[in-house]
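Colleague: Structure incoming, see below.
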Amino acid sequence: MSDYKNMLVTGGAGFIGSNFVKYMLENHPETRIINLDLLTYAGNLENLSDIEDNDNYVFVKGDIKDAELVNKLFEDYDIDSVVNFAAESHVDRSIEEPEIFLTTNVLGTQNLLEAAKKHWQTGTDEEGYPTYKDNVRFHQVSTDEVYGALGKEGMFTETTPLSPNSPYSSSKASADLVSRAYNKTFKLPITITRCSNNYGPYQFPEKLIPLMIGNVLELKDLPIYGDGMQVRDWLHVKDHCSGIDTVLQKGEPGQVYNIGGNNEKANIEIVDLILENTKKNLENNSYEGIDTNPDEISEELKIHVRDRLGHDKRYAIDNTKITTELGWSPSYTFEDGIAETIEWYLENQDWLNNVKSGDYLEYYENMYSNR
Ligand code: NAD
Ligand code: DAU
């Protein structure tokens, strides 16, 4: 069991972060969670409404780049572990506006690392390296996109050279390298996980799966980039959470672990599955707030639009290291996970409509009108 007492979770109001906060409160009642989130367009406190009164949970609105605030949190809450989810996370947005990806993802991570080093240092050893308190850990949540793209064959292992292609993935790779540097130069106890595409509840509908579900319900075009034959390796968000937990408990400081679900699917297959499942669900059940006629859901909704610039063709994760060394394995099959996920979005129309209000429509028009 992890004996972390006070864990700083950054980006805990986003998709994976909010699932992780709940996972931790459920599975580690000995750990207090301090959630630092700036509440950008992707941060949503509604994701956490069911645990906001939990005695083991504290929310702080703020920026991971704010050194004064982060240092104060380390002091006030005696932070002994950090799990850094906070990031700008959407590849398409990084193509439009790269700068914020570099400031948040790189400088924000460095600011957190520096605070951890400062607060956890107990002294210096005879070689001049800092020494640290026992049982402290900085965990950086990274992505398989840092490895670049694969052709038809092969998988990413932890020793695959970093070769990021988008402003987003290059910012995440940079954050990994800065984290590595704090481990090599300052011996800060750091672990990094690189994970494949997540799916599940509370994902912002700019991402493929919730975007397509939402569009099917509105009988809107389903915009498939290029030929739709790009391949992603899908992992249920709850399996990602258990993978990070496993690394926090059993992972070796200084090590990188891939987390993947062995679920390679072409984008077009995902869209077909969403079309088919959503239609079937609507034929067999009624859902509050949905009056879409299932007879109008058809293949015709699919359209091929201009491809993403620098679009990575294929990702596939080799998760041998985490499964053999740490004993983790995913619990969801893709078939069950995607069926459950589609059902969740159908049953949570209020959530979907709320996140699609505000600036979402403007974002959607800008992103898709000229494709
Ligand atoms: P998300 O966009 O849903 O959430 C990001 C969260 O970070 C939001 O709550 C946002 O408000 C917060 N945030 C942004 N800038 C901040 C700042 N400066 N200070 C504090 N908070 C800030 O992202 P996600 O999909 O949940 O991804 C979480 C992490 O996991 C990211 O680091 C991402 O790179 C990584 N990751 C995501 C996936 C995936 O499939 N979604 C896969 C692998 C890795
Ligand atoms: O691999 C992990 C990464 O997965 C994470 O690091 C990122 O934070 C996360 O956003 C995700 O990146 P992708 O670019 O793979 O996810 P996205 O949902 O944006 O797109 C998935 C695939 O679907 C990709 O090949 C692009 C395609 N796509 C996406 C959208 C939004 C479409 O064809 N049409 C769309 O409208």
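Colleague: Could you list, in sequence order, all residues of the stretch 335-370 that are closer than 16 Å to GLU46 by Cα, within 16 Å of ligand 1 (Cβ to nearest atom), outside any loop (DSSP other than H, G, I, E, B) and not hydroxyl-bearing (Ser, Thr, Tyr)?
Modeller: Of everything in the stretch 335-370, those that are closer than 16 Å to GLU46 by Cα, within 16 Å of ligand 1 (Cβ to nearest atom), outside any loop (DSSP other than H, G, I, E, B) and not hydroxyl-bearing (Ser, Thr, Tyr) turn out to be TRP344, TRP351, LEU352, ASN354, VAL355.
Colleague: Next question. Just to verify a result, which residue in the stretch 214-238, among those that are more than 14 Å from ligand 2 (Cβ to nearest atom) and buried (at least 19 other Cβ atoms within 10 Å of the Cβ), is farthest from ASP350 (Cα to Cα)?
Modeller: LYS238
Colleague: Right, next: When you go through ASP53, ASP63 one by one, which is the residue that is out of contact with any Gly (no Cβ under 8 Å at 6 or more places or on another chain), among the acidic types (Asp, Glu) and not in a strand (DSSP E or B)? Before you say what the answer is, go through the steps one by one.
Modeller: Numbers: ASP63 fails: out of contact with any Gly (no Cβ under 8 Å at 6 or more places or on another chain).
Going through ASP53, ASP63 in turn, just one is out of contact with any Gly (no Cβ under 8 Å at 6 or more places or on another chain), among the acidic types (Asp, Glu) and not in a strand (DSSP E or B): ASP53.
For every residue, the table says whether it meets (1) on the phi < 0 side of the Ramachandran plot; (2) in contact (Cβ under 8 Å) with a residue 12 or more places away in the chain; (3) surrounded by fewer than 18 Cβ atoms within 10 Å (Cβ to Cβ); (4) away from ligand 2 (no atom under 16 Å from the Cβ).
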residue	(1), (2), (3), (4)
LEU8	yes, yes, no, yes
ALA13	yes, yes, no, no
PHE20	yes, yes, no, no
TYR41	yes, yes, yes, no
LEU48	yes, yes, no, yes
ASP53	yes, no, yes, yes
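Colleague: Something else now. Out of the residues in the stretch 196-228 meeting the condition of being of a type in the set (Phe, Trp, Tyr) and either more than 16 Å from ligand 1 (Cβ to nearest atom) or out of contact with any Leu (no Cβ under 8 Å at 6 or more places or on another chain) (or both), tell me which one is farthest from GLU300 (Cα to Cα). Show your work before the answer.
Modeller: Here is the first cut: in the stretch 196-228, the ones of a type in the set (Phe, Trp, Tyr) are 199, 202, 204, 225.
Pick out the ones that are also either more than 16 Å from ligand 1 (Cβ to nearest atom) or out of contact with any Leu (no Cβ under 8 Å at 6 or more places or on another chain) (or both) and you get 202, 204, 225.
Details: TYR202: 28, PHE204: 25, TYR225: 16 Å.
Of everything passing the filter in the stretch 196-228, TYR202 is farthest from GLU300 (Cα to Cα).
Colleague: Looking only at residues in the stretch 7-42 that are touching a Phe, Trp or Tyr at 6+ places or on another chain (Cβ under 9 Å) and of a type in the set (Asp, Glu), which one is modelled with the highest pLDDT?
Modeller: Restricting to residues being touching a Phe, Trp or Tyr at 6+ places or on another chain (Cβ under 9 Å) and of a type in the set (Asp, Glu), the top hit is ASP37.
Colleague: Which one of GLY243, GLY261 is touching a Leu at 6+ places or on another chain (Cβ under 6 Å) and buried (at least 19 other Cβ atoms within 10 Å of the Cβ)?
Modeller: Within the list GLY243, GLY261, the selection yields GLY261.
The values are calculated or read from the model by the stated rules, or taken from the named source; none is laboratory data. Model, not experiment: these values are computed from the prediction. Reconstructed Cβ throughout: ideal geometry from the backbone, glycine too, with neighbour counts over all protein chains shown.
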